[in-house]
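Peer 1: Take this structure first; my questions come after.
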């Protein structure tokens, strides 16, 4: 089967840096995606890693280590609007679909 | 503006009734997906379609049915066989099945069954 683990909640202050970890166990693996979802809203795509290393997109970066079955999302210069849930999602081998983790709720405080 | 529309935003039904949720996209995407989200949880895949007239079961397909007769439309029917249908339902699309890592989501339909 497939399983993804990420922390349920993270708290940080404005301007800080926060890292949200994701470990996965899948039968085969193509890549790791990250999505953001504000309360009551639709998820929006943030990033995708298929290869090991760091991908940077503005204030957000995502990292993948295939050998460790581990990835993280790094959010810098936190703003209040970054308060949301963040989901990691994997594409398991042999399938063209995403399997989502349970999500990490990030609360940014002044 | 290109995007995905889902209607209605809120839907109320009595137990024992089938209900169909609408999902339309004008992004010219080949692949479409239906997810269910319960409070405080992640998204669980119900059905997905890689191309018109083709669809596959996801992880929780029991009690649901879909059709994909047109590229832009992927309606989901929640049948009376679904034991716990009250949930937030999200439709998504991707350019094709190879780009399933980047999905575009509709605003969702919140279904309440009493």
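Bear in mind these aren't lab numbers, they're just calculated from the coordinates by the rules spelled out. Computed from a prediction, not measured in an experiment: that's the story for all the values here. Glycine also receives a Cβ, built like all others from the backbone with ideal geometry; neighbour counts cover every protein chain displayed.
Peer 1: Using alpha-carbon pairs under 8 Å, 6+ residues apart, how would you state the relative contact order of chain A in percent?
Peer 2: Normalised by residue count, the contact order of chain A is 37 percent.
Peer 1: Given N residues in the protein assembly as shown, what is Rg(Cα) / (2.2 N^0.38 Å)? Walk me through the intermediate numbers first.
Peer 2: Working: Rg = 17.4 Å, N = 224, 2.2 N^0.38 = 17.2 Å.
So the Cα radius of gyration is 1.01 times the expected 2.2 N^0.38 Å.
Peer 1: Another question, if that's okay. Please compute the average number of Cβ atoms from other chains found within 10 Å of each residue's Cβ in peptide A:95-106.
Peer 2: 6
Peer 1: Then there is this: Just order B:87-98, A:76-87, B:11-22 by mean Cβ neighbour count inside 10 Å, highest at the front, would you?
Peer 2: B:87-98, A:76-87, B:11-22
Peer 1: Another question, then. In peptide A:26-35, how many Cβ atoms from other protein chains are near each Cβ within 10 Å, on average? Walk me through the intermediate numbers first.
Peer 2: Numbers: counts 0, 0, 0, 0, 3, 2, 1, 4, 1, 6.
For peptide A:26-35, the averaged partner shielding equals 2.
Peer 1: If packing is taken as the average count of other Cβ atoms within 10 Å, what order do B:39-48, B:76-85 fall into, highest mean first?
Peer 2: Descending mean neighbour count gives B:39-48, B:76-85.
Peer 1: Semi-axes of the equivalent ellipsoid for segment A:22-92, please: Cα gyration tensor eigenvalues, times 5, square-rooted, ordered largest first, whole Å.
Peer 2: 22, 14, 9
Peer 1: Same structure, new question: What fraction of the Cα pairs in chain B, stated in percent, has a spacing above 16 angstrom?
Peer 2: Details: 3540 of 6441 pairs.
The calculated P(r) of chain B puts 55 percent of pairs beyond 16 Å.
Peer 1: Something else: I'd like the mean, over residues of A:68-81, of how many other protein chain beta carbons sit within 10 Å of each residue's own Cβ.
Peer 2: For this peptide, the per-residue mean of nearby foreign Cβ atoms is 0.
Peer 1: Give me the percent relative contact order of chain B, please, defined on Cα pairs under 8 angstrom at least 6 residues apart.
Peer 2: Values: 295 pairs, mean separation 40.3, N = 114.
Relative contact order comes out at 35 percent.
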